[in-house]
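Peer 1: Let me begin by handing over the structure; questions about it come next.
The values are calculated or read from the model by the stated rules, or taken from the named source; none is laboratory data. If you're wondering where the values come from, they're calculated on a predicted model, not measured in any experiment. Counting neighbours? That spans all protein chains shown, and the Cβs are built from the backbone with ideal geometry, glycine included. Areas reflect the complete protein model, heavy atoms only, side chains present, ligands, DNA and RNA absent. Shrake-Rupley method; radii C 1.70, N 1.55, O 1.52, S 1.80 Å.
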Amino acid sequence: MSIQQSLAMKSIQVSITATILFLIIANPFIFNIVDLGLSTILGTKIGTNHIIVLVFHAIVFGLLMYFSTKYFLDDAYQWLQKEI
């Protein structure tokens, strides 16, 4: 398999993973649970933490995408290091 084919397959895997992670992390049920947790921790009313919840979910999504992309592309990185 060529590097071009391998990277195309990896791109598909990363895209599918991003879709699944987004569906889980952006789920309104999960947002409500996090909002409830933050309202308990911060002592604010439920529903006033929307921006904080959104930023929290964006950070979690970014971290999960970083680690999943690193996992999928690890062999491609190793191949590129051998070539350089």
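Peer 1: Please work out which one of (1) loosely packed, with under 11 Cβ neighbours inside 10 Å; (2) modelled with pLDDT under 90; (3) outside any loop (DSSP other than H, G, I, E, B) is the condition S39 fails and give its number.
Peer 2: (1)
Peer 1: Here are some residues: A18, A8. Which one is open to solvent by less than 80 Å² (accessible area, probe 1.4 Å), within 23 Å of the chain's Cα centre (by Cα) and at pLDDT 90 or above?
Peer 2: That would be A18, the only listed residue that is open to solvent by less than 80 Å² (accessible area, probe 1.4 Å), within 23 Å of the chain's Cα centre (by Cα) and at pLDDT 90 or above.
Peer 1: Looking at (1) open to solvent by less than 60 Å² (accessible area, probe 1.4 Å); (2) at negative phi, which is the one condition that is false for I52?
Peer 2: Only one criterion is unmet by I52, namely (1).
Peer 1: To continue, here is another question. Restricting to the range 48-75, count the residues that are touching a helix residue (DSSP H, G or I) at 6+ places or on another chain (Cβ under 7 Å), over 30 Å from I3 (Cβ atoms) and not polar (S, T, N, Q).
Peer 2: 5
Peer 1: Sticking with this structure for a sec: Of these, F67, F31, which one is in a helix (DSSP H, G or I), hydrophobic (A, V, I, L, M, F, W, C) and surrounded by 14 or more Cβ atoms within 10 Å (Cβ to Cβ)?
Peer 2: F31
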